[in-house]
């Protein structure tokens, strides 16, 4: 009687080895992504996928089944750490004029700092800049559009300065606002990266920073807009003084927080 040939051994993967727990596809992908976030925050983007796979408890070929290239993995890390953590209710909060501006800014920056001041957030951001990746450029562009320009607009409205329909947000306003926003970011760098004393807790720091912003930035904005207005042709200056953004002699200036006609006179006084 012929002996039957032994069954062909099934090739094993990183997930099929005896004793290794199997996970659903989505769960395994999430575990690899979490390992990548931690890994890149520790060693930077020079770190290799072989070591990352070891940390994630998988074989390198399996890692590439989920993320076909290192570039795609980095893009996914960016989405997970920066894009997905953005809360869309912040958009509403920044523009909600039924809430006093100071309170809005404190609430927003306190909530935002709780996310931004996490080690992986800050360290990946810094490593990305050193590596010359697009993460920083993408995020800075996003922040200028979603936060900086909109807060500049709210400060103008709160202080009765020209609306953006009359005078678009200037480069000088953005440059000046980055002094405040960058200072908030650097608090996190000192605490989470340098691990040095930051003197006060986060809530007090945010309040101090917002109070400092509102004490000086509106007056600076007023001067910036006055200089901007003085460089415009006479017909354009008349439009700005009218406050409507329309070349109409019959248009009356807007009332309330859109009193725009006196910005130059205020700055000169």
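Every number here is computed from the coordinates shown, using simple stated rules; none is lab data. All figures in this text were calculated on a predicted structure; none of them were measured in a lab. Glycine also receives a Cβ, built like all others from the backbone with ideal geometry; neighbour counts cover every protein chain displayed.
Computed values, structure above
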quantity: Stretchable slack from residue 158 to residue 207, in nm (0.36 nm times residue separation minus alpha-carbon distance); calculated: 15.8 nm
quantity: At R0 = 22 Å, FRET efficiency that the Cβ-Cβ distance of residue 231 and residue 146 yields, to 0.05; calculated: 0.15
quantity: Stretchable slack from residue 21 to residue 190, in nm (0.36 nm times residue separation minus alpha-carbon distance); calculated: 56.8 nm
quantity: Exposure proxy order (Cβ contacts within 10 Å, fewest to most) of 158, 89; calculated: 89, 158
quantity: Sites residue 54 and residue 197, calculated FRET efficiency, Cβ-Cβ separation with R0 35 Å, nearest 0.05; calculated: 0.45
quantity: Separation of alpha-carbon centers, the stretch 166-222 and the stretch 44-112, rounded to whole Å; calculated: 22 Å
quantity: Residue 126-residue 84 FRET efficiency (beta carbon distance; Förster radius 22 Å; 0.05 resolution); calculated: 0.65
quantity: Rounded, prolate or oblate (a/c below 1.5 giving rounded, otherwise prolate when a/b exceeds b/c) for the stretch 25-82 by Cα gyration tensor; calculated: rounded
quantity: Residue order, fewest to most surrounding Cβ atoms within 10 angstrom, among 22, 227; calculated: 22, 227
quantity: Anisotropy class of the stretch 109-206 from Cα gyration tensor, a/c 1.5 cut; calculated: oblate
quantity: The stretch 25-82, relative contact order in percent, only Cα pairs under 8 angstrom and at least six apart counted; calculated: 37 percent
quantity: Which of 199, 181, 88 has the fewest Cβ neighbours within 10 Å, and the rest in rising order; calculated: 88, 199, 181
quantity: Relative contact order (percent, whole number), the stretch 43-151, Cα cutoff 8 Å, 6+ residue spacing; calculated: 28 percent
